Every structure is written in C-alpha cells, then in structure tokens.
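**Student:** Have a look at this one before I ask anything.
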Amino acid sequence: MNFEEIKDKEQKYMMHTYGRFQTALVSGKGASAKGADGKDYIDFTSGIGVNSLGYCDEGWVKAVTSQAAAIQHISNLYYSPLQVKVAEKLCSLTGMDKVFLCNSGAEANECAIKIARKYSYDKYGIGRQKILTLVNSFHGRTVTTLAATGQDVFHNFFFPFTEGFEYVTANDTDDFKAHISDEICAVFIELIQGEGGVMPLSEEFVSEIAKVCSEKDILLMIDEVQTGVARTGTFYCYEQYGIKPDVVTSAKGLGGGLPIGACLCNEKLSSVMTPGTHGTTFGGNPIACAAANEVLSRVATNEFLADVCKKGEYFREKLSAMPNVKEIRGKGMMIGIVTEKDNAKEIAAKCVDAGLLILTAKNLLRLLPPLTITYDEIDKGLKILQSVMEA
Ligand SMILES: *Cc1c(COP(=O)(O)O)cnc(C)c1O
C-alpha cells in the first residue's frame, strides 16, 4: 500500500481520534525511519518517548523474538520469571518495595490512584479520598485519569467523571497549601509536565509538597510515565529533586516499544493491594517483560545516563543558536522549544515534509529522541530543523 491508500483506509475504517502527520512509517533502524513511499526520516520522537533504544535495536529485537518463540503469554494465574526480573530491577534501581505491572501509563496511574484511596480508607476510613493534581497536568485517557488531568479541555463529553480530584497551580506553594485539608489522601504530580508544554516544577515547590506530605501522611505520587527510564538523565526524574516518593508510575520508554507500564510503591504501601483488589489480563506479558528487561539492563548504568545528559546538552547548545528559538525547557533528552513566531505546529508539519519527525506539546516544539541516538543522527535532524526554522 502506498501512503494515499493507507490514508484512505484509515479514513474509512478507523475512528477519527487522531490528528496525524502526513506520512505512514513502515520500518526503522536507530533514529532513522522509512515511510511507506520510501522516504527517509530522522526521528526526534521515538514514538512519543517509547522507543528508548531506537528502532529495532539489535539486543532488543533478540530479547523480544526469542521470548516470542519461547512463550508469548501465560496470564497472571501463573508465576513468571520475566515479571519478577523486571520488578526486582525496578526495586533495586529505586529502593521502592513492590511493583504492579500493567500495559500503559493510564493503567499505571489508575493503580496509583487505587493504592492512594485504599491506603487512606484502610487507615482513616471514609472521607479522606481526595487527590491533588496540578493544573496543566496530563495523566491519561481513561475516565478516571482524565479526571486526574488538570486541564479543562479534557473534562468534556464523557460525564460523569470520577470525583475526588482538585487541581493546584504548578509552582504556587500558597495555592498548594490552600488545598491541603483532612480530605486529601495523596498528591500526584509530573515533575516536568510533558503534554502540558515541557514545564519543569521548581525545586522549592516540590520540596514544600514533599514536606507537607510527610507531615500529614499524604502520599507523594510521581507520574514518571514520560520523564522516567533515563529520559531526563537520571533513571527517574525524581532523583534530581532529592525526594522519596511513596508511589511512582512508569510506562512509555519502559518496554522500548512494547506496551508495559509499572506502578511502584514503597514499603509503607506494600500490603495495601491484596488478592482481588486489582488485576489485568495482559499486564506483565512475557514479551513485554523481555523487552523491559533489555531496556532496564541497558539504560540504568552511570555511563548511559551521563551520555543522555551529554546529548541533551549538545541539543541545547545547537538549538539555542538556531533562528526562531525563544526558549528551551526540559531536562536531559526531554526538550521543549518555544518559538519566536509561535508557530510550532506549522514547523512540525514542515519538518515531516523535509524528513524530520518532531513533536509538539501545547504551543511548543518537543523533542523526545531515542536515548541511543548518535551525534551524526542528531546533526542530520538539526540541519533539517534549522532549514525549516530559517524559512
Ligand atoms: C503519556 C502519558 C500518560 C498516559 O500514558 P498512556 O500509555 O498513553 O496511557 C500518563 N502520564 C503522562 C505524564 C504521560 O506523558
């Protein structure tokens, strides 16, 4: 099928839930992808922060294909050596105590929300079930994670939404304090709001939240779905804030391209979830776990993390010398670019025509390149971006 045929069939047979860029991708290697009509692209998106090792990394392909040939799915009625390896790695990398494996970011966040409510219910009873999230946050597309998402545009059509969320203005300590009451069981935040426009939280704001949470037995829950798994230059972004969360959620880059999510909790919460309180058919699927084990064994070394920081710096240095660049935000290889002309959507579409895949978030350009991208690939992509920014 050529691109036009694919597009026609998409229009005819698929629900129109996505505004898509004008290309179909059929193969890839590293940070390069090929379109259905044979066009080559440099990829600064990694499938929205998913393909952490790039397209078709050799070790990753081997891990996934050999697992597919051994056993593809076993359900959670049986023990799985691959699940326990993923969980052990996540715990030893973070000092967290227990892991629940699922298939996506939204599901990891649902688990976090359930843990918060049950912990509070078990200990304090009814009436302490509210969760504070941030204005401009993004936590997923299920009815409950939409409710957790602090953006009015998402609170539409699908009424009634799940109750029990209140929204605090990011980096506003007074607003945070004004929302604290005996009804609050948890605070759930992204440390860099990704979909919200690559907005990092200030250290003062986060330390204040951490302080109040620990004083009042309010759970501190961090959504690391986008920032996690080495994306920002540390294994999880919270390490850079010097905090110890009670719950951490992870997905996107964790499986390097296969659907896997994880909800991690500390020792205090280790026995909150009991048999029958939560579950999933696909979660912790052996092939997804084999993929995650490969990713975890590769990205969590000091050398790899230092390299992510170095490449992030390289991006920043080159970008700051580029026309139409007003401000650069983010950490490591999670990069947001405010343009002078406020024309990010237009730039992104033009980049695709010119052979560069690039994201937007709100009115920013957003880069989430594969963590293994080479300097040669970075240079090629930036050259295309430069030519589009100049035009
Ligand atoms: C992408 C994202 C989610 C949702 O993840 P899905 O896998 O699409 O369900 C949740 N939180 C954050 C911060 C995200 O970036």
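The values are calculated or read from the model by the stated rules, or taken from the named source; none is laboratory data. All values reported here derive from a predicted model rather than from experimental measurement. Cβ atoms come from the backbone with ideal geometry, glycine included; neighbour counts cover every protein chain shown. For accessibility, only protein heavy atoms count, side chains too; no ligands or nucleic acids. Shrake-Rupley method; radii C 1.70, N 1.55, O 1.52, S 1.80 Å.
**Student:** Would you confirm, using the coordinates I've provided, whether Gly261 is within 12 Å of the ligand (Cβ to nearest atom) and open to solvent by less than 10 Å² (accessible area, probe 1.4 Å)? It would help to see each step written out before you state the result.
**Tutor:** Numbers: within 12 Å of the ligand (Cβ to nearest atom): yes; open to solvent by less than 10 Å² (accessible area, probe 1.4 Å): yes.
The answer is yes for Gly261.
**Student:** Also, I was wondering about something else. Cβ-Cβ under 6 Å, sequence separation 6+ or interchain: first residue in the stretch 88-106 and more than 18 Å from Gln226 (Cα to Cα), partner hydroxyl-bearing (Ser, Thr, Tyr). Which pairs?
**Tutor:** Asp97/Ser270; Lys98/Ser270
**Student:** Please find, within the stretch 213-243, the residue that is least open to solvent (accessible area, probe 1.4 Å) out of those that are outside any loop (DSSP other than H, G, I, E, B) and acidic (Asp, Glu). Before you say what the answer is, go through the steps one by one.
**Tutor:** Here is the first cut: in the stretch 213-243, the ones outside any loop (DSSP other than H, G, I, E, B) are 213-216, 219-223, 237-241.
Right, trim to acidic (Asp, Glu) and you get 215, 223, 239.
Working: Glu215: 121, Asp223: 8, Glu239: 82 Å².
It comes out as Asp223.
**Student:** Name the one entry in Asp8, Asp37, Asp43 that is closer than 24 Å to Lys362 by Cβ and of a type outside the set (Lys, Arg).
**Tutor:** After ruling out the rest, the residue left standing is Asp43.
**Student:** Let me ask you something else. Determine whether the stretch 244-252 contains at least one residue that is away from the ligand (no atom under 16 Å from the Cβ) and either touching a residue at least 24 places away in the same chain (Cβ under 8 Å) or open to solvent by 10 Å² or more (accessible area, probe 1.4 Å) (or both).
**Tutor:** Narrowing the stretch 244-252 to residues away from the ligand (no atom under 16 Å from the Cβ): 244, 246.
Filter again for either touching a residue at least 24 places away in the same chain (Cβ under 8 Å) or open to solvent by 10 Å² or more (accessible area, probe 1.4 Å) (or both), leaving 244, 246.
Yes: one or more hits.
**Student:** Could I ask something else about it? Anything in the stretch 67-93 that is open to solvent by 70 Å² or more (accessible area, probe 1.4 Å) and of a type in the set (Ser, Thr, Tyr)? List them, or say none.
**Tutor:** Listed by number, the residues that qualify are Tyr78, Tyr79, Ser92.
**Student:** Scan the stretch 171-212 for residues that are touching a residue at least 60 places away in the same chain (Cβ under 8 Å), open to solvent by 20 Å² or more (accessible area, probe 1.4 Å) and part of a loop (DSSP other than H, G, I, E, B) and jot them down.
**Tutor:** Matches in the stretch 171-212: Glu195 only.
**Student:** Here's something else I'd like to know. For the stretch 1-74, please list each of the helices (runs of 4 or more DSSP H) lying entirely inside it that holds at least 2 residues being farther than 24 Å from Ile347 by Cβ and acidic (Asp, Glu). Steps first, answer last, please.
**Tutor:** Working: elements: 3-13, 46-49, 58-70.
By residue number, 3-13.
**Student:** Tell me which residues, restricted to the stretch 349-379, are of a type outside the set (Val, Ile, Thr), crowded, with 18+ Cβ neighbours inside 10 Å and not in a loop (DSSP other than H, G, I, E, B).
**Tutor:** Listed by number, the residues that qualify are Lys350, Cys351, Leu356, Leu357, Leu359, Ala361, Leu364, Leu365, Arg366, Leu367, Glu377.
**Student:** Shifting gears a bit: Collect the residues in the stretch 214-238 that are among the acidic types (Asp, Glu) and more than 20 Å from Val86 (Cβ to Cβ), keeping them in residue-number order. Even if it seems obvious, please write down each step before you answer.
**Tutor:** Going through the stretch 214-238, the residues among the acidic types (Asp, Glu) turn out to be 215, 217, 223-224.
Of everything in the stretch 214-238, those that are among the acidic types (Asp, Glu) and more than 20 Å from Val86 (Cβ to Cβ) turn out to be Glu215, Asp217.
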